[in-house]
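In what follows, a structure is listed as structure tokens, so that the remarks can point back to it.
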């Protein structure tokens, strides 16, 4: 569907018409075979493989500069892996599950059948515009659904490419890309889908949930929050700093699961902060003209990061900046570490979504866990420790969407692990079998055998009823 502009109300009419066409097509073929679904997944894989150079170019144009290697690692490879995993396991996922039947209802058979929901809407974000669009689409198609997709207006080149390529591979009754601005996005979220997936900020997620509630649309929210790093005293500080730097500055920090702040034992905190910056300098000796260092998505986002750091510095925080200059038209923001930021400042209230890492001194592991638990539940949590008991303590006493131990971000790229938030960081999960289940209806099916006891115990209740109740261990009162 081309860029949607025009008179008020026309967008809503066009969108509803597209949804109606997909739903009619679904009603004619509501249970696609495993072969059909696997064919859809192969089409996606071929699309990515054959056009990866175009995706790299489109994302680079949208960002102003996006590392080619980061695009391959974070967009192309995990999407291909997810699709291949779904294709391999799909026949088993589709198989009805036998369930136990209580003695009261014997003889009988119980099973759960996973049915496609129908038409699923996807509102995709800008930070990983291919993986966070096609990754969910893998699960949606594996579950046998149709899809309507709304890419972010901040990545128009990638959105246009997705619309063109998906339009060449799928008829609009199966997969449709809707392009447009924020107003189109609002109208899209108000549609009566059979399920809606939104990936973005917690603030916008609340608006999306309100819109979906008008039609009682089931919703999956993949949001964000401030994902903490806990560094235990037993772990090598320099090694932890190197690891955190890799995850923090990947995609210039514009990752929903990026380490948002680090909790470090107070005697090691300044060393850790300086080591993170040294690691950044080693990875990115220069910023201007460096194809490996991704730009910030927009001038507005760049200005916001500048204001966050300036506020913390004015409040007395130690700000460590990459010494290389950032100039010219590319929106590079230098890797920055902020030691001892004010805990009530914006840097520690807002999700940063950029290459800025606050470092907080902690007096103990207990204090670090308490610090995390006093704040909204994050999308990810990272813990560095070699002690099994410490690892277990952190896992048992914190809550987050996912966890990577002794590294960062990697849990999000595992094709056989679910991905999702908890509380303010989201609801529902996809990836792997959990994605198939998320976009399916688990329908209970009960089939009585040759004798249905429920029908035996029927009015008028007399001796037969009393006999049956006694047999069940229930003695009716006289």
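Rounded to the nearest 500, the 222 nm mean residue ellipticity of the chain from helices alone is -13000 deg cm²/dmol, with -39,500 (n - 2.57) taken per DSSP H run of at least 4 residues.
Seen against the Cα atoms of the chain and their longest principal axis, helix 52-63 is set at about 60 degrees.
Multiplying the residue separation of residue 450 and residue 406 by 0.36 nm and subtracting their alpha-carbon distance yields 10.1 nm.
Remark: the residue 266-residue 363 segment gains 34.3 nm on full extension, using 0.36 nm per residue and subtracting the alpha carbon distance.
Once you reduce the stretch 373-449 and the stretch 199-256 to the center of their Cα atoms, the two points are 12 Å from each other. For the stretch 228-420, the Kirkwood hydrodynamic radius comes to 16.8 Å, computed from all pairs of different C-alpha atoms. Applying 1/(1 + (r/R0)^6) with r as the Cβ-Cβ distance of residue 160 and residue 442 and R0 = 30 angstrom yields a FRET efficiency of 0.20.
Give me the log10 of I(q) over I(0) for the stretch 1-90 at q = 0.10, 0.14, 0.23 Å⁻¹, as the Debye formula computes it from C-alpha points; what are the numbers? Here log10 of I(q) over I(0) equals -0.45, -0.81, -1.01. Over the C-alpha trace of the chain, radius of gyration and Dmax come out as 25.9, 92 angstrom. Whole-percent P(r), the stretch 82-176, all Cα pairs, 10 Å bins from 0: 14, 36, 25, 13, 8, 4, 0. Between the helical axis of 299-314 and the longest alpha-carbon principal axis of the chain there is an angle of about 60 degrees.
Inter-label distance, residue 458 to residue 214: 4.7 nm, where each label sits 7 Å from its Cα along the C-beta direction. Against the main long axis of the alpha-carbon atoms of the chain, helix 237-249 sits at an angle near 70°.
If R0 is taken as 51 Å, the Cβ-Cβ distance between residue 28 and residue 371 corresponds to a FRET efficiency of 0.40. Taken along its principal axes, the alpha carbon cloud of the stretch 275-332 reaches lengths of 34, 29, 14 Å, longest axis first. With contacts taken as Cα pairs under 8 Å at a separation of at least 6 residues, the stretch 1-158 carries a relative contact order of 28 percent. Here the stretch 370-412 is treated as an ellipsoid with the same Cα gyration tensor; its semi-axes, largest first and in whole Å, are 16, 14, 7. Summary value for the chain: 19 percent relative contact order, contacts being C-alpha pairs under 8 angstrom separated by 6+ residues. Listed by Cβ neighbour count within 10 Å, with the fewest neighbours leading, 330, 149 appear as 330, 149. Its residue count N sets the reference 2.2 N^0.38 Å, and the alpha-carbon radius of gyration of the stretch 390-478 equals 2.06 times that reference.
Relative to the current alpha-carbon distance between residue 307 and residue 388, full extension at 0.36 nm per residue lengthens the span by 25.1 nm. Between residue 238 and residue 169, the FRET efficiency estimated from the beta carbon spacing at R0 = 45 angstrom works out to 0.40.
Every number in this text was worked out from the coordinates using simple rules, so none of it is lab data. Bear in mind the structure is a predicted one, so any value in this text is a computation, not a measurement. Cβ atoms come from the backbone with ideal geometry, glycine included; neighbour counts cover every protein chain shown.
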